[in-house]
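Colleague: I'd like to ask some things about the structure below.
The values are calculated or read from the model by the stated rules, or taken from the named source; none is laboratory data. Everything numeric here is computed off the predicted structure, so don't read it as measured data. Here Cβ is always computed from backbone atoms with ideal geometry, including for glycine, and neighbour counts include all displayed protein chains. Ligands, DNA and RNA are stripped out before the accessible areas are found, and what is left, the full protein with its side chains, is counted by its heavy atoms. Shrake-Rupley method; radii C 1.70, N 1.55, O 1.52, S 1.80 Å.
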Amino acid sequence: MSDKPAIEQTVFVIDDDEAVRDSLGMLLRTAGLQVQLFKSARAFLKHFSPECSGCLILDIRMPVMSGLDLQDELYKRRCRIPIVFLTGHGDIPMAVRALKKGAFDFIEKPHDEQRLVLATCHALRADAEQRCGMAAPPHSPPDLAERLALLSVREREVLEHILEGRQTRAIAEALCVSVKTVEFHRSRIREKLQVGSLAELFRLFMTNGEQGLRRDEFSPVVESREG
């Protein structure tokens, strides 16, 4: 795989569900990555050293010590290893909180295998660059205002619900439209805001200081609000 980093690294998979752990381990090993599996955050901490190079694939909800708790603990230990969180449908607000604390990405369950492997490889590369002092040069932040101006009123409404952590069905019920209509608007939002994933969408707003979505700052001339 072309995105696999050149240096030796380990993907640490932490999930209390044995079937999920084994499945993730098989997937990542098939992609040519070195993997270690852990059934709990505490089991991982007993093994882990900040000198270990790699990334974490971490379930956000686990008993005793959650994924967010582990993230906090690693931060206290001054460990900045990239974390890719696995989240359920009801965990989006938690995932956004994790992103604000420095998480690399989050993947919704059930995960798309290609997306997970790609996110893992990107996280490994970021860790390698960080350890070698080769962080990517800073780039100009995207002009969020210009991108938001491309959205219709309805797309703007859908975006507000997405950023509040609501799922497609809940958005459809709130706006009295079909699930397929919301899915269509979500696709158009990603296209117009130039983001490939939900994590990128949230990160876009955090990077730009979480600019507001006030309707009085938005001109609804691009499309009608039907649908």
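Colleague: Given (1) open to solvent by 60 Å² or more (accessible area, probe 1.4 Å); (2) modelled with pLDDT of 75 or more, where does R214 come up short, assuming only one miss?
Modeller: With (1) open to solvent by 60 Å² or more (accessible area, probe 1.4 Å); (2) modelled with pLDDT of 75 or more applied to R214, the lone miss is (2).
Colleague: Continuing with this model, one more query. Do you know which residues across the range 15-35 are open to solvent by 60 Å² or more (accessible area, probe 1.4 Å) and not in a helix (DSSP H, G or I)?
Modeller: D16, D17, Q34
Colleague: Let me ask something else about it. For the range 26-36, give me each residue that is free of Cβ contacts under 8 Å to residues at least 60 places away in the same chain and closer than 21 Å to Q130 by Cβ.
Modeller: Hits for the range 26-36 are Q34, V35, Q36.
Colleague: Within the range 43-51, identify whether any single residue is touching a residue at least 40 places away in the same chain (Cβ under 8 Å) and open to solvent by 10 Å² or more (accessible area, probe 1.4 Å), and answer yes or no.
Modeller: There is no residue in the range 43-51 that is touching a residue at least 40 places away in the same chain (Cβ under 8 Å) and open to solvent by 10 Å² or more (accessible area, probe 1.4 Å).
Colleague: Answer yes or no as to whether D59 is within 24 Å of M206 (Cβ to Cβ) and in contact with a Gly (Cβ under 6 Å, 6 or more places away or on another chain).
Modeller: yes
Colleague: On the given criteria, is I107 of a type in the set (V, I, T), modelled with pLDDT of 90 or more and under 18 Å from the mean Cα position of the chain (by Cα)?
Modeller: no
Colleague: Sticking with this one: Can you tell me how many residues in the range 55-82 are within 30 Å of T168 (Cβ to Cβ), in contact (Cβ under 8 Å) with a residue 40 or more places away in the chain, crowded, with 16+ Cβ neighbours inside 10 Å and not acidic (D, E)?
Modeller: The qualifying residues number 9.
Colleague: Filtering the range 37-66 down to residues that are in a strand (DSSP E or B) and more than 21 Å from E129 (Cβ to Cβ), which residue is nearest to the chain's Cα centre (by Cα)?
Modeller: Our first condition is that a residue be in a strand (DSSP E or B); within the range 37-66, this holds for 37-38, 54-59.
Checking the rest, the ones that are also more than 21 Å from E129 (Cβ to Cβ) come to 37-38, 59.
On the way: L37: 21, F38: 21, D59: 12 Å.
Only one residue fits best here, namely D59.
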